[in-house]
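Below: the structure, in C-alpha cells.
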Amino acid sequence: MTSQTTGTAPTAERRAHPLVRIEGLHKFFGDHHVLRGIDLTVNRGEVCVVVGPSGSGKSTVLRCVNQLETISAGRIFIGDELIGYREHGGRLHDLTPRQIAAQRREVGMVFQRFNLFPHMTALQNVIEAPVQVKGVKKGDAVKRAHELLDRVGLAERAGHYPSQLSGGQQQRVAIARALAMEPELMLFDEPTSALDPELVGDVLEVMKDLARSGMTMMVVTHEMGFAREVGDTLVFMDQGAVVESGHPREVLGNPKNPRTQEFLSKVL
Ligand code: ADP
Ligand code: MG
C-alpha cells in the first residue's frame, strides 16, 4: 500500500506541478476488492510506467483515471479537477454525463486492441472525434490529421482502411486519433502486447517521441527498455496495491521488494 519514491528526486519545479493525483483509490467489482488503496502522482511532462502481474489491477487504474469505471473510494484529480465529482457546500456531487464527457476529452487512451472504426480510412478515424465531438471545422481537422499521421510515420497511409494496415500501423493510427483531441494526458494499456514482435519497435518509437515532446503519459507495458529510456517513474503493482515505485533505473537495477524482484526476474 505504500508508494515509496526512491532514486532521482524530481526537480522542485516539477514536484510542484502534478497533473494526475490518485489518492486512496479503491475499486470493488461486487465482493472482489480489486484496487486496495492506490496512491500515485504523475507530474506534468512525465512518463509513469506501470508494471505488474496479470490481474494486479493495472488496467483498472487506467480505466478509473479515464472514467471508464466508477471508483469505490478515494479521489482522482487531473490538474485541479476532481474526476467524476464536483465539490459544493463541502459535499461531493456526481457530475452529469455531459460534464464527465468534458473531463474525458482531456484524456487520450490507447488500448491493447486498436479498435479503429473499420469502415473509415486512417484519416477519417483521426478526424472523427475532433469534428463530431469538438466541432472543429472539417478542413482544419483534415490538416491536423495529416500532420499527426506524418508524426506517427503514416503520411502515405491516410487513405487506407484498417484492414489494409498492419497491427503496428493500426496502433499508430490509434495514437494519432487520440492525439487529435489534444489531450493533456495520454494513457496506454499494453499498447504493444497484441503485436507481432517485428511491429513493436515502430509503435514504441512513436511513444518515445511523444514522451520526449513533453506529453504526460501513464503507460502499462512489459517493455522495460521503454521504461528505462523515457520513464520518469516505474510503479510495480501486485494484488491491487502499489508495492514499489521510483526511478526506473533504481527499481529495475535495485528492486527492494521481494515481489518486485520475483516479477522482474521473469520479464527482464
Ligand atoms: P491487469 O490489467 O493488471 O491484468 P485488471 O485491472 O484487468 O488487471 O484486473 C484486476 C482484477 O479485476 C482481475 O482479477 C480482474 O479479473 C478483475 N476485473 C477487471 N475488470 C472487471 C470487471 N469488469 N468485472 C469484474 N472483475 C473485473
Ligand atoms: Mg490489463
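For every residue, the table says whether it meets (1) part of a loop (DSSP other than H, G, I, E, B); (2) more than 16 Å from ligand 2 (Cβ to nearest atom); (3) more than 24 Å from the chain's Cα centre (by Cα); (4) polar (S, T, N, Q).
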| position | (1), (2), (3), (4) |
| --- | --- |
| Q99 | no, yes, no, yes |
| L116 | yes, yes, no, no |
| Q124 | no, yes, no, yes |
| P130 | no, yes, no, no |
| G139 | no, yes, yes, no |
| L148 | no, yes, no, no |
Worksheet item: Taking only pairs six or more apart or across chains, which ones have beta-carbon atoms under 6 Å, a first residue in segment 218-242 that is of a type in the set (D, E), and a second residue that is not in a loop (DSSP other than H, G, I, E, B)?
Response: D232/V47; D238/R259
Worksheet item: Given the conditions (1) closer than 24 Å to K58 by Cα; (2) part of a loop (DSSP other than H, G, I, E, B); (3) of a type outside the set (V, I, T); (4) modelled with pLDDT of 95 or more, which single one is not true for Q112?
Response: (4)
Worksheet item: If you go through segment 42-69 one residue at a time, how many are within 13 Å of ligand 2 (Cβ to nearest atom) and within 19 Å of A227 (Cβ to Cβ)?
Response: 11
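For segment 80-98, which positions are in contact (Cβ under 8 Å) with a residue 12 or more places away in the chain and either surrounded by 14 or more Cβ atoms within 10 Å (Cβ to Cβ) or of a type in the set (F, W, Y) (or both)? Before the answer, list the steps.
Initial filter on segment 80-98 (in contact (Cβ under 8 Å) with a residue 12 or more places away in the chain): 81, 83-84, 86.
Scanning segment 80-98 gives E81, I83, G84.
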Discussion item. Condition first: of a type in the set (G, A, S), under 21 Å from Q103 (Cα atoms) and away from ligand 1 (no atom under 11 Å from the Cβ). Now tell me which residues in segment 30-64 satisfy that.
Written reply: G45
Discussion item. Taking the criterion of being more than 22 Å from G74 (Cα to Cα), without any contact (Cβ under 8 Å) to a residue 12 or more places away in the chain and surrounded by fewer than 18 Cβ atoms within 10 Å (Cβ to Cβ), would at least one residue in segment 243-253 satisfy it?
Written reply: yes
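The values are calculated or read from the model by the stated rules, or taken from the named source; none is laboratory data. Everything quoted here is computed from the prediction, not taken from an experiment. Cβ atoms come from the backbone with ideal geometry, glycine included; neighbour counts cover every protein chain shown.
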